[in-house]
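A quick write-up on the structure given underneath.
Read-outs throughout are calculated quantities, based only on the coordinates presented, and are distinct from any laboratory measurement. Given the structure is predicted, the values throughout are model-derived calculations rather than measurements. So basically every Cβ, Gly included, is an ideal-geometry build from the backbone, and we count neighbours across all protein chains shown.
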């Protein structure tokens, strides 16, 4: 079976060759530091990227990450950073292979900063710093950011998301997130995960989109009960849902735990399943497809 990562990579790499888009002048600006590093701003075409990748001395290529960068280039959201491509003193590429691969996948020319004459020993300390979490990059609430990342991962594609993509999700789900937080705040309930939160936010956002205020209020009341661990008057399916996550029941999943949690929350808060005595999922794919339809409605198909 083809994974979502492989599907995304194949989809973007199967674009017709055509002419790549030239975003700017070809003139290269270059300067050399006293330490010997030479910095050059270059227009990297797909052909130039392929040439640079022939001298790679680097870690294994992660196609899903390259595809994510290519999506950013396609959306014209890829940013020029102070240094993108590093070549060591022997002319080997030691940094930037995923960016170069993305140029090929996106089939467009991109302005990049290329650094040459980097000592070979520098390779051992590249990418060893403390990475910024998405919430730090966006200066946003950590819980809200995690919910949006989870929504993106289950509804759009797995792997690494770009900052602008999570910003789009935040904007589309702002009202749904606010309604969720109004009922649940920052309370912690044992076993109630971010994947659960994401599915419920999606359901609230869909109901808001359809101007179904009664459904939104009903979900908020259920959330308040769950936050207080009071399930006495909840529908049967929500009682089962609560007991499953609160007692951390061992379930025969067949899918990743996060996907199962998302699907269970999506079904549990669906009034059509309110009488279900024991929450069971026969086909996770069917549930995800249903949720993706709602996601597309809320986001107006911006990710399609």
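Averaged over residues, the count of other Cβ atoms within 10 Å places the peptides 33-41, 220-228 in the sequence 220-228, 33-41, highest first. Each label was represented as a point 7 Å from its Cα along the Cα-to-Cβ direction; for residue 175 and residue 243 these points are 3.7 nm apart. Just one of [x] 1.02; [y] 1.32; [z] 1.21 is Cα Rg over 2.2 N^0.38 Å as worked out from the coordinates here. Which one is it? From the options [x] 1.02; [y] 1.32; [z] 1.21, the structure gives [z]. Considering only 162, 97, 244, the Gaussian network model of the chain with Cα springs below 10 Å gives its largest mean-square fluctuation to 244. Our helix-only sum for the chain, with -39,500 (n - 2.57) per DSSP H run of n ≥ 4 divided by its residues, gives a mean residue ellipticity at 222 nm of -15000 deg cm²/dmol. The label point for residue 286 and the one for residue 228, both projected 7 Å from the Cα toward the Cβ, are 3.6 nm apart. When each of 61, 134 is scored by the number of other beta-carbon atoms lying within 10 Å, the sequence from fewest to most is 61, 134. A Förster radius of 41 Å, combined with the Cβ-Cβ distance separating residue 217 from residue 79, puts the computed FRET efficiency at roughly 0.45. Between residue 30 and residue 209, full extension at 0.36 nm per residue minus the direct alpha carbon distance yields a gain of 59.2 nm.
The value of relative contact order for the chain, using C-alpha pairs under 8 Å at least six residues apart, is 15 percent.
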